[in-house]
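In what follows, a structure is listed as structure tokens, so that the remarks can point back to it.
Throughout, read-outs are computed from the coordinates displayed, never taken from laboratory work. Keep in mind the model is a prediction, meaning the values are calculated, not measured. Note that each Cβ is placed from the backbone with ideal geometry, even for glycine, and that neighbours are counted across all protein chains shown.
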Amino acid sequence: MASDILQFILYCVLLAALAWPLGIYLARVFSGEQTFLFPLLAPVETGIARACGVDPRTADQHWTRYALAALAFNLAGWFVLYAMLRLQGVLPFNPQGLPGLSPDLAFNTAVSFVTNTNWQAYGGETTMSYFSQMVGLGVQNFVSAGTGIAVGAAVIRGFAGRETRGVGNFWIDLVRAVLYVLLPLSILFGLFLVWQGVPQNLASYVDATTLEGAKQTIAQGPAAAQIAIKQLGTNGGGFFNANSAVPYENPTPLTNFAEMLAILLIPAAFPFMFGTMVRDMRQGAAIFAAMLVLFLGSLALTYGSEIQGNPIVAELQVDQSAGNMEGKEVRFGTGNSALWATATTAASNGSVNAMHDSFMPLGMLAPMLQMQTGEVVFGGVGSGFYGMLAFVLLTVFIAGLMVGRTPEYLGKKIEAKEVKLSVIAFLVMPLGVLVFGAMATMIPAALASVQDAGPHGLSEILYAYSSGTGNNGSAFAGFGANTPYHNTMIGIAMLLGRYVFIIPMLAIAGSLAAKKTVPASAGTFPTHTPLFVGLLVAVVLIIGGLTFFPALALGPIAEHMAMLAGQTV
Amino acid sequence: MLSQIRPAFVMITAMTLLTGVLYPLAMTGAAQALFPAEANGSLVMKNGQVIGSSLVAQAFTDPGYFHPRPSAASYDGGASSGSNLGPTSAALKQRIETDVARLAADNPGVPVPIDLVTTSGSGLDPEISPAAATFQAPRVARARGLEVAAVRALVGRIVVSRSFGILGEPRVNVLALNLALNELAPASIPGSRAGEPVAANGGMR
């Protein structure tokens, strides 16, 4: 227990200490300043930009053009990935001779990786060839994260701009995100992972004869390179089926700690990037503080539930002092499993080092709620921050209503247009989770995917659609998601959750960029104070959380009551 | 939109070459040069034969060996999986009940450490807690005709503590423990050829 708390503190301190300088670095990269990697990578950047027909000097795009470029690029990426997955059987680097994917699974998987969700309706080592992993999924791990970072940078430019027309250039932002941020970090992190025991080879699966003489097949592959970017880019799609619980993906407590840091590193750097770009670090620090408060609340609930263990199991002759260990690995224990679950659902990462399906009812409630509030607690790379900015606008708006003044943020008037656009973005989560989830409970073909009966079954559906719409990608893996119905519906949920958020946020950025700044007056509500942090936290919980409370009451909370009464189904 | 289609396809091609071909192949080359044993799966060799990986659990059923945690994946190193049973699942309760009843016979009166009756997330957890190893020591000692204290001392030698004294949990690698056990006491176990040299983490493939 004490050692767990110590690890939590160490984690938060290290995260803040790494995110702050990275945020400043990101601000420099996306302001076009020269960084230490510039001499090496600038020719590559210029080369790619020129091939795309972009002139860096005159490239500033209006938000509509920026959004179109992002959509066109994601569409092209989807098309290429879909084709690769369907044709897997005839493509190279396929030592196990795995066949092409079915149309619905290929659709779902391509959408999943393009939208930075990385929901997996398949098992990696039994479905994907090395070619599909490297050239298909791996590429989208980089560029879907790059898209998120680019849009995040554009939105920040909108808030920081002074009567400007454009919000930046998508192609240049994307190239910079990959070249100056994701690729260097992945190379370092990937080699660290190999050193600790993560495989990186192109060999076929190994046949071993165990000590007792049994035959064992052991999957191999170019895992480390993929896992490095899957964590840094808040992708989360596992190379192997059981994701980061598999020792080959996450062999030691050291890799576990580093991977957890990698999950939140770039998202946590965004508030500091924002602070730097709006030339007021207090604004960024306030948003970081609000995120940290929400994060610690979720962690406390998850860890508190897991460490107590399962009262139904406690009646048997067992020593449950280690907590609920079903679905958890010994090297991580309950402490590191709870911390990972909190980090991966705070971010839109979705990789898991323990099976969330086997968490305690309240232990699974916090991850679910974090996804349903739109993953704004650090969140996905870029996407988490622009999601939080939508909540910031709403908070400023509500605070303005309370004191009867025109709401302002960073010297810009927040008007009906911005608030309406934010609300459109907020409506996506209830649509994807509650409406699609309700449909799944009524359609027999959809219900057949549920593994456990009773309230836990409802939780499985809620979790799947929260994960899809929130672009998280973690799963209650007992839920049989690989059916034509769920592949299609979760695919649509992922598309809505990604693009019906990106477009309104870019529209807000475009609208704000064009506005005049008004000097702060005595009537301006300060947005860097603890009071504002408290309000922001309350707005996230009330607006984001209360929407889902009735559904959560029927799922995890009902199961918690049943568990306390010793009932099993 | 149409004016963006060409740059979109040029960009995805450039990115595919850079992050989908160059990056993984360069990483494979670097990994094979710098950390060959780890990059090839931390395989354990014996007489030129692969007997498993130190990072992948394998089944042990003989009473003379330490047993790993139960596996929802049947220890299939090519298809990792957890049980994914929820906390109020009747199937989970029944499974744990059965396992507890079986294990209680090994070490009567002692509560069974929870990790010995729960399946791991991957189904391939190669390790057990020190408590779970100590719990099995009397059974292993009986089967091998050893003093319980000697087996416990062996467990103590194989225990890995927290990284830097802080990170993770103390644990025992089951394959490493059983290999050390074979060195200590060549037992009459079918299929085991004790006393033969073993190269951990060895061997390129």
Could you list A:Y11, A:Y409 in order of exposure, starting from the residue whose Cβ has the fewest other Cβ atoms within 10 Å? A:Y11, A:Y409
Quick one: which residues, 5+ away or cross-chain, put their amide H under 5 Å from the amide H of B:K46? H built at 1.01 Å from N. B:I51
In whole Å, what is the distance between the alpha-carbon centres of the range B:43-91 and the range A:1-59? 40
Evaluate the Kirkwood expression for the hydrodynamic radius of the range A:478-551, namely the inverse of the mean inverse distance over all pairs of different C-alpha atoms, and round to one decimal in Å. 16.7
Under a point-charge model restricted to the Cβ atoms of Lys and Arg (+1) and Asp and Glu (-1), what is the dipole moment magnitude of the protein assembly as shown relative to its Cα centre, in debye to the nearest 20? 1820
Kirkwood-based Rg over Rh for the range A:417-569 (C-alpha set), two decimals? 1.10
Compactness of the protein assembly as shown as Cα Rg over 2.2 N^0.38 Å, two decimals: 0.94
Looking at chain B as a GNM with Cα springs under 10 Å, which of B:S122, B:S163, B:S42 has the largest mean-square fluctuation? B:S163
What whole-number distance in Å separates the alpha-carbon centres of the range A:152-231 and the range A:309-336? 32
Stick to Cα atoms and the Kirkwood definition of Rh, then tell me Rg/Rh for the range B:48-88. 1.05
For A:K413, what residues show an amide H to amide H distance below 5 Å, using hydrogens built from the backbone and excluding near sequence neighbours? A:V518
Determine Rg/Rh for the range B:1-117; Rg is computed over alpha-carbon atoms and Rh is the Kirkwood hydrodynamic estimate from the same atoms. 1.22
Residue span A:A300 to A:A553: 0.36 nm per residue of separation minus Cα-Cα distance leaves a gain in nm of 89.1 nm
Given just the C-alpha atoms of chain B, how large is their convex hull per residue in cubic angstrom? 197
Over 20 Å (Cα to Cα) among A:K417/A:K515; A:K215/B:K93; A:K417/A:K516 -> A:K215/B:K93
Would you please give the residues with an amide H less than 5 Å from that of A:D319, counting only those at least 5 places away or on a separate chain, with H modeled from the backbone geometry? B:V112, B:I114
Sequence order, the range A:441-447: Karplus ³J(HN,Hα) from phi using 6.51 cos²θ - 1.76 cosθ + 1.60, θ = phi - 60°, Hz rounded, Gly and Pro as x, gives 7, 9, 9, x, 4, 6, 5
Exposed GluC sites (Glu not before Pro) being those in a DSSP loop with at most 15 other Cβ atoms within 10 Å, the longest stretch of chain A free of them is A:416-569
So, in Å, what gap is there between the alpha-carbon centers of the range A:460-496 and the range A:519-569? 23
The local net charge around B:T13, scoring Lys/Arg +1 and Asp/Glu -1 for residues other than B:T13 whose Cβ lies under 15 Å from its Cβ, equals +2
Alpha carbon convex hull of the range A:33-266, volume per residue in cubic angstrom: 141
When A:L512, A:L393, A:L447, A:L535 are ordered from fewest to most other Cβ atoms inside 10 Å of their Cβ, what list results? A:L447, A:L535, A:L393, A:L512
Restricted to the protein assembly as shown, the DSSP antiparallel beta bridge percent, nearest 5, is 90
Test of understanding: ordering A:C12, A:C52 by Cβ neighbours within 10 Å, fewest first, what list do you get? A:C12, A:C52
In sequence order, calculated HN-Hα J values of the range B:61-71 (Karplus, 6.51, -1.76, 1.60; Hz; x Gly/Pro): 10, 5, x, x, 10, 6, 9, x, 5, x, 10
Could you run the Karplus curve 6.51 cos²θ - 1.76 cosθ + 1.60 with θ = phi - 60° over the range B:150-167 and give me ³J(HN,Hα) per residue in whole Hz, x for Gly and Pro? 5, 5, 4, 5, 4, 4, x, 6, 8, 4, 9, 8, 4, 4, 6, x, 10, 7
Normalised radius of gyration for the range A:317-453, please: alpha carbon Rg relative to 2.2 N^0.38 Å, two decimal places. 1.38
